[in-house]
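Asker: Quick one: structure below, then a few questions.
The values are calculated or read from the model by the stated rules, or taken from the named source; none is laboratory data. On a predicted model such as this, the values are computed, not experimentally measured, just so you know. Every residue, glycine as well, gets a Cβ built from its backbone with ideal geometry; the counts of neighbours run over all protein chains shown.
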Amino acid sequence: MPDFFPPNYVTARTRFLDAVRRHGWAIESHPISAKGPTGEELFIDVAARSATGNHTHTLVVSSGVHGVEASFGSAVQLALLDRWQATPPVQCVFIHAVNPWGFAHRRRFNEDNVDLNRNFLLPGEEYRGSPPGYAELIPLLNPKRSPGRFDPFHALAAWAVLRHGMPKLKQAVAAGQYDHPKGLFFGGRGPAESVHILGEHWDRWLGEAQDVVHLDYHTGLGDWGTHTLLIDLPLSTAQRDRLTNWFGERSFQGGDPSGTAYDARGGFGPWCHHRRNGREYLFACAEFGTYAPITVVGALRAENMAHHWGHPTDASTEGAKRRLAEKFCPASADWRARVLADGVGLAVGAAEGLKGSAPTAQPAGPDG
Ligand SMILES: [Zn+2]
């Protein structure tokens, strides 16, 4: 099996473009203003291919909303292109590197330190505020210094878990904040350039699609090598049945009709749902586990310190980035083989499921 995991953004993009051209998919590339580490241009690349005669059932696969997690999402997209070549089971739209700057610079966040998955606020929502408890955690999460040799973060974090409890702490840390531009999980002061680009072209990309399943690939949450579909919108019964039939009973979390289990603001999913424009739209964040939460947050914190308070050419900055990349895309061959097989399996399951189903938005008609 070829190695689909890219060593960096430039290689990932080259391989993606080569594959889509080789298999005859349509491709468009949207540059962002910010540049890569060696001054190279950065793009959100969008590839599409229709299944013969069917433009209504569409699978959307996106990677790299969190830049450093794109190595995995990009590998899944490349493996799917390799598998389906010119004839995917349904119409496909692949969005490669939603946050290309973060991918190229090995950061979760974008060129403005914005966590894109907290930046997709809906009309009427304000880019301000922080979850209760975030302010209290600032000295622990965002120290104003480069990461040093001695750093008792793990001990301090363990103490914070004891004091506040894990659920409350998780909510305070990861829900997204709009007040501290150099802090972790900053949602921005307005829509990011990536969000503008997506908004401008979204309807055209989806075209005649009436029944859309969207898998947005992420890593860094969950047990090593396992995966869960996280749903941050209430699910209809039909959607719940789909997930259960296609992926299994315990394959997804959230989607409670009463509200949302996942309390982050500004997520990509609700934004897609808001723009569904009459389409049936099922969005799932496909999360693949790597290391323990404290280890992952510790790596995010150290890289954030290095980014804001260290020097780009310092060995400690490079070390912090290398460790961050490992936390979100482990080098372990076992981990990679497992998540790639399962990541591809999810998309194949969704595509086959979509192919075999009538549009759920309408009652079955004469040709249903
Ligand atoms: Zn992510």
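Asker: Inside the range 281-308, can you point out the residues that are surrounded by fewer than 23 Cβ atoms within 10 Å (Cβ to Cβ), outside any helix (DSSP H, G or I) and at pLDDT 95 or above?
Answerer: Those that are surrounded by fewer than 23 Cβ atoms within 10 Å (Cβ to Cβ), outside any helix (DSSP H, G or I) and at pLDDT 95 or above: 287, 289, 291.
Asker: Here is a follow-up. Suppose we keep only residues that are surrounded by 15 or more Cβ atoms within 10 Å (Cβ to Cβ) and within 23 Å of residue 109 (Cβ to Cβ) within the range 327-342. Which one would you say is farthest from the chain's Cα centre (by Cα)?
Answerer: 330
Asker: Further, regarding this structure: Out of 71, 63, 29, I need the residue that is farther than 22 Å from residue 269 by Cα and among the small types (Gly, Ala, Ser). Which one?
Answerer: Working: 71 fails: farther than 22 Å from residue 269 by Cα; 63 fails: farther than 22 Å from residue 269 by Cα.
Exactly one residue qualifies, and that residue is 29.
Asker: Then there is this: Need at least 1 residues that are under 19 Å from residue 340 (Cβ atoms) per element, so show me which strands (runs of 3 or more DSSP E) inside the range 211-257 make the cut, counting only ones lying wholly within it.
Answerer: Hits in the range 211-257: 211-224, 227-231.
Asker: Away from the ligand (no atom under 16 Å from the Cβ), in a loop (DSSP other than H, G, I, E, B), surrounded by 15 or more Cβ atoms within 10 Å (Cβ to Cβ) and in contact (Cβ under 8 Å) with a residue 24 or more places away in the chain, is that true of residue 190?
Answerer: The answer is no for residue 190.
Asker: Mind checking which residues of the range 51-86 are modelled with pLDDT of 95 or more and in a loop (DSSP other than H, G, I, E, B)?
Answerer: 64, 65, 66, 85, 86
Asker: Which condition number in (1) more than 23 Å from residue 228 (Cβ to Cβ); (2) within 16 Å of the ligand (Cβ to nearest atom) is the one that residue 305 fails?
Answerer: Only one criterion in (1) more than 23 Å from residue 228 (Cβ to Cβ); (2) within 16 Å of the ligand (Cβ to nearest atom) is unmet by residue 305, namely (2).
Asker: Does residue 104 qualify as being surrounded by fewer than 23 Cβ atoms within 10 Å (Cβ to Cβ) and either within 15 Å of the ligand (Cβ to nearest atom) or aliphatic (A, V, I, L, M) (or both)?
Answerer: Spelling it out, it is not the case that residue 104 is surrounded by fewer than 23 Cβ atoms within 10 Å (Cβ to Cβ) and either within 15 Å of the ligand (Cβ to nearest atom) or aliphatic (A, V, I, L, M) (or both).
Asker: Let me ask something else about it. Return the residue satisfying two criteria in turn: it lies in the range 1-37 and is farther than 27 Å from residue 113 by Cβ and among the aromatic types (Phe, Trp, Tyr), and of such residues it is farthest from the chain's Cα centre (by Cα).
Answerer: 25
Asker: Within the range 47-80, take every residue that is surrounded by fewer than 22 Cβ atoms within 10 Å (Cβ to Cβ) and closer than 19 Å to residue 281 by Cα and give me the one that is nearest to the ligand (Cβ to nearest atom).
Answerer: Looking at the filtered set, the residue picked out is 48.
Asker: Any residue in the range 12-24 that's under 17 Å from residue 92 (Cα atoms) and in the same structural domain as residue 93 (by TED's automatic domain parsing): show its pairings with residues that are surrounded by 16 or more Cβ atoms within 10 Å (Cβ to Cβ) and among the basic types (Lys, Arg) at Cβ separation under 9 Å, as long as the two are six or more apart or on different chains.
Answerer: 20/49; 23/49; 24/49
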